[in-house]
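Have a look at the structure below, then the notes.
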Amino acid sequence: MSFTFDRATYRIPYPPKARPRLYMEGMELEVVDCSESGLRYVAPAGKPLPDPETRLTGEVRLLSKPERLPVEGQVLRCFGNEVAVLLDKPGISLQAIFGEQRYLARRFPARYR
């Protein structure tokens, strides 16, 4: 049996009560999911959504790391109140992604059985 994967990198989905933060343009935004090469965040209420291909710069504070990681990228698409961003390299390290996975598995064991 073979498996087909739609994505090139592993994506970490976050439960609503435990989400990392994206700091950008003086705002603190919730990260819905992330991978080495991208992230999706909840857009601030009352502000227009960015256009596709808009460049964004900010810092992300993951749950498993106290320090903020610099991120930069380009808006891929917006849907509902969420914005998907393709990160420039180096993006988020694989080590950091694995750290998030371990953190969530310890904090939400029923979800990661």
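Need the list of lysines near residue 65 for cross-linking: C-alpha distance under 19 angstrom, and skip anything on the same chain fewer than eight residues off.
Candidates past the 8-residue exclusion: 17.
Counting other C-beta atoms within 10 Å, and keeping those with at most 16, which DSSP coil GluC sites (Glu not before Pro) do you find in the range 6-113?
Those satisfying the criteria are 25, 53, 67.
How much net charge surrounds residue 82 when only other residues with a Cβ under 14 Å from its Cβ are counted (Lys, Arg +1; Asp, Glu -1)? Walk me through the numbers on the way to the answer.
Working: positive: 11, 19, 40, 47, 77; negative: 30, 33.
Residues near residue 82 contribute +3 overall.
Report the full-extension gain for the segment residue 57 to residue 76: residue separation times 0.36 nm, less the Cα-Cα distance, to one decimal in nm.
So the chain would gain 5.4 nm between residue 57 and residue 76.
How large is Rg over Rh for the chain, taking Rg from the Cα atoms and Rh as the Kirkwood inverse mean of 1/r across Cα pairs? Could you put the intermediate results ahead of the total?
On the way: Rg = 14.2 Å, Rh = 14.6 Å.
Ratio of gyration radius to Kirkwood radius for the chain: 0.97.
Taking R0 as 35 Å, what's the FRET efficiency between residue 101 and residue 47 from their Cβ-Cβ distance, rounded to 0.05?
Efficiency computed from Cβ-Cβ geometry: 0.65.
Exactly which trypsin sites (Lys or Arg not before Pro) in the range 8-58 are in a DSSP loop and have at most 10 other Cβ atoms within 10 Å?
17
Counting other Cβ atoms within 10 Å, which chymotrypsin sites (Phe, Trp or Tyr not before Pro) in the range 14-113 have at most 15 and lie in a DSSP loop?
112
May I ask you to evaluate 6.51 cos²θ - 1.76 cosθ + 1.60, the Karplus curve with θ = phi - 60°, for each residue of the range 70-75 and list the ³J(HN,Hα) values in order in whole Hz, giving x for glycine and proline?
x, 9, 8, x, 10, 5
Can you give the angle from 0 to 90° between the axis of helix 94-107 and the longest principal axis of the chain, with both taken from C-alpha atoms, to the nearest 10?
For 94-107 against the chain, the angle is about 70 degrees.
Using a Gaussian network model of the chain whose springs link C-alpha atoms within less than 10 Å, name the residue from 99, 91, 26 with the highest mean-square fluctuation.
26
Values in this text are rule-based calculations from the coordinates and carry no lab data. Predicted model, so just to flag it, every value in this text is computed and none were measured. Cβ sites come from the backbone with ideal geometry, for glycine too, and all protein chains shown count toward neighbours.
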